[in-house]
Amino acid sequence: MEDRHLIPTKSTRVGPNLHTEVVDPYYRATAQLTSMLAGFELSAAADIGCGYAGITEDIASALPSQATLYAVDADPEVFPTSHGAASCQVIELVQDVYQLELPKQVDVIVCRFLLLDLTNPLAAMRAMRRWIRPGGHLALLEPITSTGRIGTSAIASASDEIVDQDIGLRLYDLLTAIDADEITIDAFTPVGLGASLAGRYLAAMTGVDPGSNTFIALPTLVLACGHIQ
Ligand SMILES: C[S@@+](CC[C@H](N)C(=O)[O-])C[C@H]1O[C@@H](n2cnc3c(N)ncnc32)[C@H](O)[C@@H]1O
């Protein structure tokens, strides 16, 4: 019997509906990110690989109203995204992270679920680092997919586009490789039984009903943040 369940962890495929139909079970990670951002001095930020809805508006909500947020994605089809609720100016840019050219340096760059798709995440980190002012920060949210469980079976990604489904394990090394310091790391693993938030999210992502009493652990999401000298 197949002992791994396949989960497409591409929110681009699911699109905005996932966010309207199912509350994001990773909300604690988002809350930790936004409270971290609230502690920084911010006038400009960027969300790289922002996708459809992603967390762009959560990031915008942590910025002062006069700040600018660059929402960047290589795929023009993710735009226009409604940023009507954003409390600050959001500027959408169609760009590849490897050739990132922001209008100016920013105080913080955030990316979620981007590095797992990249063949050269270190090159992407270097490209992003160039656009962070000295004293700014780079915050990464990436999964360790193989920690996920449906019952006792491990979750694995079904997407061909995912290069490293466990990239979350490498975030510390990647931040160190670009000479970031004061690195902080947290990890979040939403769990629950079948009809829980975790179960509904899994069902929305995969179309698979896990059953009402099945234990579910979603893939661990790692939040790593480094200070750029
Ligand atoms: C899995 S989605 C994540 C979307 C969003 N950050 C979120 O957390 O929901 C990955 C996004 O990265 C974008 N992407 C992939 N490769 C990229 C690249 N080389 N440069 C910029 N964006 C890229 C994709 O188009 C997609 O929108």
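Each value in this text was obtained by applying a stated rule to the coordinates, not by laboratory testing. Everything quoted here is computed from the prediction, not taken from an experiment. With ideal geometry, Cβ positions are generated from the backbone for all residues, glycine too; neighbour counts draw on all protein chains shown.
Data table
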{"read-out": "Rg to Rh quotient for the stretch 135-223, alpha carbon positions, Kirkwood Rh", "value": "1.06"}
{"read-out": "Exposed-site-free run, longest, the chain (rule: GluC sites (Glu not before Pro); DSSP loop; at most 11 other C-beta within 10 Å)", "value": "102-229"}
{"read-out": "Summed residue charge, Cβ within 12 Å of Gln105's Cβ, Lys/Arg positive, Asp/Glu negative", "value": "+2"}
{"read-out": "Euclidean distance between Cα centres, the stretch 182-229 to the stretch 49-65, Å", "value": "20 Å"}
{"read-out": "Cα→Cβ-extended label distance, 7 Å offset, between Val94 and Tyr27, nm", "value": "3.5 nm"}
{"read-out": "Estimated [θ] at 222 nm from DSSP helical runs (n ≥ 4, -39500 (n - 2.57)) normalised by residues in the chain, nearest 500", "value": "-6000 deg cm²/dmol"}
{"read-out": "Kirkwood hydrodynamic radius over Cα pairs of the stretch 43-165, then Stokes diffusion coefficient at 4 °C and 1.567 mPa s, in µm²/s", "value": "85 µm²/s"}
{"read-out": "Added length on full extension, which subtracts the Cα-Cα distance from 0.36 nm per residue, Ala204 to Asp173", "value": "7.9 nm"}
{"read-out": "Globularity ratio of the chain, using Cα Rg and 2.2 N^0.38 Å", "value": "0.99"}
